[in-house]
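Asker: Below are the structure tokens for one structure; questions will follow.
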Amino acid sequence: MPASTQGISEPLEGSDVRLPVAQSVADPAPLGLAAFAMTTFALSLYNANIWPAAVFPALALALVYGGFAQLLAGMWEFVRKNTFGTLAFTSYGAFWISYYVFVHFLAPGIKAGADLDAAAGVFLLGWTIFTFYMMIAAMRVSGAVLAVFASLTVTFVLLTIGAFNANSTLTHAGGWVGLLTAALAWYASAAGLINETFKKAIVPVFPLAPKNPA
């Protein structure tokens, strides 16, 4: 989930020199990151067993903010020709919507115990795999974004193992790492917003992508 989509460029005719492409829409990354951060924060408060009642706002956020708003951010990344942002925001928007569907509609009909644990584990395992290879791609985005995906990968690993083994200790640990993930995503969102608003790099994001040739 990039804090910026700057760096997209086109070659000059008859030349290898590349110039920045003017964007027709605002950067959707701060919105997508903020939606992801707030929803992750609420659910992680529940998973860490800090405030169990946080599961209720987490479900509401999963459907509307983390889900729908983040999905919109992914669609706007399509317009900006940002493959990484498109895949990240669209997928995690779908993650939150599917999480809402799973918890609200499907889980009540699954037999409590091993069946429910396995179902949750399979759901989380798929997202663990996806997040891992997104983390690899994030190594060419920025340090801020890479930190989000690294901590999110650890979060999913802990939650997945915790679900398959019905291990509340691992689930609580996943909740705590999830809180770190939310904080990092909020940081990346704030950096994108503040830097764009002030038109200069005030909050560092530590870019990792190579600079375009001059």
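Asker: Mind sorting out which of [x] 115; [y] 103; [z] 158 is the real volume of the Cα convex hull per residue in Å³ computed from the coordinates?
Answerer: [x]
Asker: When the convex hull of the C-alpha atoms of region 83-184 is computed, what volume per residue in Å³ does it have?
Answerer: 86 Å³
Asker: Rounding to the nearest 20 debye, state how big the charge dipole of the chain is about its Cα centre with +1 on each Lys and Arg Cβ and -1 on each Asp and Glu Cβ. Before the final figure, lay out the partial values.
Answerer: On the way: 8 positive and 8 negative charges, 48 e Å.
Charge dipole, the chain, about its Cα centre: 220 debye, nearest 20.
Asker: Amide H to amide H under 5 Å from S142: which residues, 5+ apart in sequence or cross-chain, H placed 1.01 Å off N in plane?
Answerer: L208
Asker: Show which lysines lie in cross-link reach of K199 when reach means a straight Cα distance below 20 angstrom and same-chain residues fewer than eight apart are skipped.
Answerer: By straight Cα distance, K199 reaches K211.
Asker: May I ask you to evaluate 6.51 cos²θ - 1.76 cosθ + 1.60, the Karplus curve with θ = phi - 60°, for each residue of region 95-108 and list the ³J(HN,Hα) values in order in whole Hz, giving x for glycine and proline?
Answerer: 4, 5, 5, 5, 4, 4, 4, 4, 6, 7, 10, 8, 4, x
Asker: Just report the Cα centroid separation between region 135-201 and region 97-111, whole Å.
Answerer: If we compute the Cα centre of each part, the gap is 24 Å.
Asker: Further question: For the chain, what is the calculated [θ] at 222 nm in deg cm²/dmol (nearest 500), taking -39500 (n - 2.57) for each run of four or more DSSP H residues and dividing by its residue count?
Answerer: Mean residue ellipticity at 222 nm (helix-derived): -21500 deg cm²/dmol.
All of the numbers you see were taken from the coordinates with simple rules; none came from a lab. No experiment lies behind these values; they were computed from the predicted model shown. Don't worry about glycine lacking a Cβ; one is built from the backbone with ideal geometry, like all the others, and counts go over all protein chains shown.
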